[in-house]
Amino acid sequence: MCFCVGSHVEICSNEDGFLGSYYEAKIVAKLGKDRLKVEYTTLLADNQKGPLKEVVRASDVRPVPPQIRASAFNVMDKVDAYDLDGWWVGRVTGRKIGSKYTVYFECSGDEYDYPASALRVHQEYVDGHWVPSQQKVADERGFLFLRKSNSRESDLPGLETFKF
């Protein structure tokens, strides 16, 4: 995928303890075919005086996923949880009173509670398309879409719509 200078993206971390987490950034320069210089939105430089800038592999960069508003999450739903300035992939293992959820992180074996506002539907970037991991997502009008397993994001016939 080709990214332009100024594009807002997410960077996958490959560092120990942060493996598989994603951090929001902006591309500030292209350095050849497979390297990009980025400026992180939420991470600070070591001197704490400005955003962290670093050179990353293009293969560790993806577009920012589209927002999908979920009406609720169910046990075993795959989600991204916002924590420690980045997005971490986990699975919902329980629901607390109110809109809090317990999320398990396979990469660390840890489990933490999050408000629904700190969670998003996990999406995979496949062949230039975002594919939600959930089968149930709600749009801004309150319609519930059930994604058929063989449908692609752009295949409207692959979606069944129900009002809830």
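The values are calculated or read from the model by the stated rules, or taken from the named source; none is laboratory data. All of these numbers come straight from a predicted model, not from anything done at the bench. So basically every Cβ, Gly included, is an ideal-geometry build from the backbone, and we count neighbours across all protein chains shown. Areas reflect the complete protein model, heavy atoms only, side chains present, ligands, DNA and RNA absent. Shrake-Rupley method; radii C 1.70, N 1.55, O 1.52, S 1.80 Å.
Using a ≥ b ≥ c from the Cα gyration tensor of region 1-83 (square roots of the eigenvalues), is it rounded, prolate or oblate, where a/c under 1.5 gives rounded and otherwise the larger of a/b and b/c decides, a/b for prolate?
Prolate.
Using the structure shown, list the pairs from K26/K49; K26/K100; K78/K100; K53/K78 with a Cα-Cα distance above 23 Å, or answer none.
K26/K100; K53/K78, as the Cα separations exceed 23 Å there.
How would S59, S21, S7, S99 rank on accessible area, largest to smallest, probe 1.4 Å?
Accessible-area ranking of S59, S21, S7, S99, largest first: S59, S99, S7, S21.
Would you grab the residues whose amide H sits under 5 Å from the one on D83? Only those 5+ places off in sequence or on another chain, please, with H modelled 1.01 Å from N.
Amide H neighbours of D83, under 5 Å, 5+ apart: W88.
Taking R0 as 41 Å, what's the FRET efficiency between N74 and D34 from their Cβ-Cβ distance, rounded to 0.05?
Step by step, r from the Cβ atoms, then E = 0.55.
I need the GluC sites (Glu not before Pro) found in region 72-139, filtered to DSSP loop residues with at most 11 other beta carbons within 10 Å of theirs.
Counting only loop positions with at most 11 other Cβ atoms within 10 Å, the GluC sites (Glu not before Pro) in region 72-139 are E106.
For F73, F18, give the ranking by accessible area with the largest first, probe 1.4 Å.
Greatest to least solvent exposure: F18, F73.
Taking the Cα centre of each part, how many Å lie between region 29-56 and region 59-97?
24 Å
GluC sites (Glu not before Pro) within region 8-66: which are DSSP loop residues with at most 12 other Cβ atoms inside 10 Å?
Here the GluC sites (Glu not before Pro) that fit, given the DSSP loop and packing criteria, are E15.
E111 to Q48: extension gain in nm, 0.36 nm per residue of separation minus the Cα-Cα distance?
Taking E111 through Q48 to full extension adds about 19.7 nm, to one decimal.
Where does each of H122, H8, H129 land when they are ordered by accessible area, with a 1.4 Å probe and the largest first?
H8, H129, H122
Using modelled amide H (1.01 Å from N, peptide plane; none on Pro or chain starts), what sits under 5 Å from the amide H of V28, excluding residues fewer than 5 places away?
So V28 has HN proximity to G6, K37, V38, E39.
Leaving ligands, DNA and RNA out of it, work out the accessible area of K30 with a 1.4 Å probe and give it in Å² to the nearest 10.
Spelled out: K30, probe radius 1.4 Å, area about 100 Å².
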